[in-house]
Amino acid sequence: MLHHERLRPPSHDYPADEWNVIEKAFRPEFLAQSETMLALGNGYLGIRGCPEEGGPNAENATLINGFYETWPIVYGEEAYGFATTGQTICNVTDSKIIKLFIDDEPFWLPNANLLSYDRRLNMKSGTLDREILWETPAGKQVSIRSRRLVSFENRHVAAIFYHVTLLHAKASVVISSEMTADERGSDIDNNDPRLAKAFSDRILHPRASYSKGRRIVLCHATERSRLTVACATDHALETSCPHTDKTVHSDHFGQVAYTIDALPGCPIQLTKYVVYHTSKTASVEELCGRAEWTLDRITAQGFQQLLTTQQHYLDDFWRRSDVRIRDVREDVTKRTTVEIQQAIRFNLFHLLQASARAEDAGVPAKGLTGKAYEGHYFWDTEIYLLPFLTYTSPWIARNLLTFRYKMLPQARARAKQLGHRGAMFPWRTINGEEASAYYAAGTAQYHINADIMYALRKYVQATGDELFMRDYGAEMLVETARLWLDLGFYSDTKGGKFCINRVTGPDEYSAVVNNNAYTNLMAQENLRYAAQIVKSLQTEEPDAYNALVHKTALEPSEVEKWIRAAEKMYVPYDENRQIVLQDDSFLDREPWDFPNTPPERYPLLLFYHPLNIYRKRVIKQADVVLAMFLLGDFFSPETKKRNFHFYDPLTTGDSSLSSCVEAIIAAQIGDMEKAIQYGMAALLMDLADVGGNVKDGCHIASMGGTWMVLTYGFGGMRDNDGTLSFWPRRAPEENAVLQFHVTYRGRRLKVEIGLDKVEYALCEGESLLIRHETEDIYLTRQNPSAVRPVSGR
């Protein structure tokens, strides 16, 4: 059930284009949305799409993944085991500012007479490009072109090319390149729990400030988290016009101002190089030195080299990751097909920007496009993002799983604090410690343990990375299995079944319940997989097994207990309706009054007390339906259909994580109308502002879900048993062909689904065994392709 209308801006100002997100007019009413959609990032550094001239801004943000400040969580009534320290991502030095003055008049977008305007996120080149023709109050016409990038190849680097030309008259021109770290917090709507905490005091405290010619270095540190950031800028001006420059700096500010006697038709080109380095342990001197070393390298290479390496990185990404929709009628290019293609690439591009260089860090819920959800890492990464990365960029998936492994010491400590054995991973975090102040919708979501182990299993199956399993994965499996065994119990009232009480599943509108079906099923999978891996190591790699025993003090009897708990796992079921119940008491709740809930009262969490919601039969996001997707072999096709038809009308879609999952199951059960409806909601979540909050940042999990809709849903991909198989449906557009690539155990496979046939082609690798419906297909370098009819319509 969808309760939000799409709010896409007028198409004449935002035309569809397969490779660009285009803005043809300056529209202040869409300022916040544009800042999000046109943001640049590389997984380490993110810059919202604010103008170079220092404004106007809805939420000006330059963010570094994992750079945060802490704060004490204050409770009206405290209790043992509550999280004590909040963590919030914070702005670092704003270095993108380039102000322009013509005859002492500032160029300021809201007041400017714009004769032409074009700004676009170029997803093929990885740049934000802008072209403006401005007529000054004195009638002089000025061409202003800029190109901004955040480098994928050079993790710490951003750069801006700023080009100014007076067309018909001379003028006095000042270009002021600035950097500032004077943020004192921001105005945040505290009535929306999804947004970041506002700090009233200064966040960044000065540690160093100096200049060398046109190079400026500012270094700051946070007070409580004790993280340090060094930001360095350097400049190169090219023009034949007479000019001078002046450099000034202070603790929180740096400026290189160029004064130019501009001649008509004579271009003025400024290149601004920007570097960020962060550390918790390095000295100020070392960190500033690192920033300067990086600047030395990139200024020597020049802006064109940055563009070239950016292009090469993107070419490789799209080769592995692009999903294409094209009309089979060669002479027809339908607008809707172009819009779908644009939206697909927009989602994939932002997934890359959120994760590419997220090394020794996770992926925040909003990536680095906004500060909502405090910059925290959730289960979103493992369930919604890792499938895309595992099958297109497996080394990034490995980095993210390694980061989870590094949290294991804190997870063990958290489990002990909660009175459990094993490890309990945090529901939301940056530094590995639990940061959720609301345990009912935070700590109670124990399923995050199983979610991480599920992603681990999928990664190892798809890559064959047994080394990762041996060195890292097995230890996590042991500790998470221990927690499940300790958390649950064998209930006499449930016929001796293994029950898990007082947990919260993915549906946060049903909190602290008994036997959440999703949690129990995922825990069962976690327990089984842990036992399987431990037994495999014991038999096949005794040295690795002994090392695991040494690290975890594992007793052989534990494994048998895991197997028994998995076999006896209780899953609530209603015999009359023949559906899996979301939890023990789900049917005992009063149905929500959907007919009398107006659209403007969604999402419910902003308008109703949690207790009011918890008492009702209403669902925030897919819960049992998500289990049907992740654990598809557990459910027969008829069971999926019954459950979907029961839970779909009860699901508000208040979470952006819901539509993609519902689309996949709708496709699996043959309800293509709903598959397309939900699939389009996921696909356009940000471009059409489906949830009305794109201003706060991109919905990275929904973007990952979009890829799953296209591959698992319309593409019919299955990987439940470790074998790559396909039950193709059709493209989400009439008369269209769907094409995508997946990387499986080092081989790259292209899948192209037409109107009545599907073609599988081995693009890289010696050979690959796949399955089309029930038929095994063996592709080799000598016979790299196979065509089969599509029966799933």
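If a residue has to be under 23 Å from residue 354 (Cα atoms), open to solvent by 10 Å² or more (accessible area, probe 1.4 Å) and of a type in the set (D, E, K, R) to count, how many in segment 139-154 make the cut?
Looking only at that region, the number is 2.
Do we find a residue being assigned to a loop (DSSP other than H, G, I, E, B), open to solvent by less than 20 Å² (accessible area, probe 1.4 Å) and out of contact with any strand residue (DSSP E or B) (no Cβ under 7 Å at 6 or more places or on another chain) anywhere in segment 782-791?
no
Please give the number of the condition residue 719 fails out of (1) within 21 Å of residue 464 (Cβ to Cβ); (2) more than 26 Å from the chain's Cα centre (by Cα).
(2)
Let me confirm something: among 88, 84, 70, which residue is open to solvent by less than 10 Å² (accessible area, probe 1.4 Å) and of a type in the set (Ser, Thr, Tyr)?
On the way: 84 fails: open to solvent by less than 10 Å² (accessible area, probe 1.4 Å); 70 fails: open to solvent by less than 10 Å² (accessible area, probe 1.4 Å).
Among 88, 84, 70, only 88 is open to solvent by less than 10 Å² (accessible area, probe 1.4 Å) and of a type in the set (Ser, Thr, Tyr).
Identify, from the list 706, 711, the residue that is polar (S, T, N, Q), within 17 Å of the chain's Cα centre (by Cα) and closer than 26 Å to residue 16 by Cβ.
Values: 711 fails: within 17 Å of the chain's Cα centre (by Cα).
Result: 706 is the single residue among 706, 711 that is polar (S, T, N, Q), within 17 Å of the chain's Cα centre (by Cα) and closer than 26 Å to residue 16 by Cβ.
Any residue at all in segment 104-111 that is among the aromatic types (Phe, Trp, Tyr) and surrounded by 19 or more Cβ atoms within 10 Å (Cβ to Cβ)?
The answer is yes, given that some residue of segment 104-111 is among the aromatic types (Phe, Trp, Tyr) and surrounded by 19 or more Cβ atoms within 10 Å (Cβ to Cβ).
Specify the residue that is modelled with the highest pLDDT; the eligible residues are those in segment 318-336 that are open to solvent by less than 10 Å² (accessible area, probe 1.4 Å) and of a type in the set (Val, Ile, Thr).
Ranking the candidates gives 323 first.
Which members of segment 731-770 meet the condition of being over 17 Å from residue 707 (Cβ atoms) and basic (Lys, Arg)?
745, 747, 757 - these are the residues of segment 731-770 that are over 17 Å from residue 707 (Cβ atoms) and basic (Lys, Arg).
Here's a check for you: in segment 238-266, which residue that is touching a residue at least 60 places away in the same chain (Cβ under 8 Å) and among the aliphatic types (A, V, I, L, M) is farthest from residue 288 (Cα to Cα)?
Looking at the filtered set, the residue picked out is 263.
Only residues in segment 761-772 that are on the phi > 0 side of the Ramachandran plot count as the first member; pair them with residues that are surrounded by 16 or more Cβ atoms within 10 Å (Cβ to Cβ) and assigned to a strand (DSSP E or B), Cβ under 6 angstrom, at least 6 apart or cross-chain, and list the lot.
Listed by first residue and then by second, the contacts come to 765/747.
Please give the helices (runs of 4 or more DSSP H) falling wholly within segment 405-517 in which 3 or more residues are of a type in the set (Val, Ile, Thr) and crowded, with 19+ Cβ neighbours inside 10 Å.
Output list reads 447-463.
Hey, which of the helices (runs of 4 or more DSSP H) in segment 562-647, taking only ones fully inside, have at least 1 residues that are open to solvent by 30 Å² or more (accessible area, probe 1.4 Å)? Quick ask: steps written out before the conclusion?
Working: elements: 610-614, 624-630, 637-647.
Fully inside segment 562-647 and qualifying: 610-614, 637-647.
The rows are residues; the columns are (1) in a loop (DSSP other than H, G, I, E, B); (2) touching a strand residue (DSSP E or B) at 6+ places or on another chain (Cβ under 6 Å); (3) open to solvent by less than 10 Å² (accessible area, probe 1.4 Å).
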{"position": "160", "(1), (2), (3)": "no, yes, yes"}
{"position": "193", "(1), (2), (3)": "yes, no, no"}
{"position": "198", "(1), (2), (3)": "yes, no, no"}
{"position": "201", "(1), (2), (3)": "yes, no, no"}
{"position": "211", "(1), (2), (3)": "no, yes, no"}
{"position": "226", "(1), (2), (3)": "yes, no, no"}
{"position": "234", "(1), (2), (3)": "no, yes, no"}
{"position": "247", "(1), (2), (3)": "no, yes, no"}
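Would you tally the residues in segment 622-635 being modelled with pLDDT under 95 and of a type outside the set (Phe, Trp, Tyr)?
The total comes to 3.
If you check 551, 616, 568, which single one turns out to be in contact with a Gly (Cβ under 9 Å, 6 or more places away or on another chain), of a type outside the set (A, V, I, L, M) and modelled with pLDDT of 95 or more?
From the options 551, 616, 568, the qualifying one is 568.
The values are calculated or read from the model by the stated rules, or taken from the named source; none is laboratory data. Treat the numbers as computed from the prediction; the structure is a model and nothing was measured. A quick note on method: Cβ atoms are made from the backbone with ideal geometry, for glycine too, and the neighbour counts reach across all protein chains shown. For the accessible areas, the whole protein counts, side chains as well, though only heavy atoms, and no ligand, DNA or RNA atoms are used. Shrake-Rupley method; radii C 1.70, N 1.55, O 1.52, S 1.80 Å.
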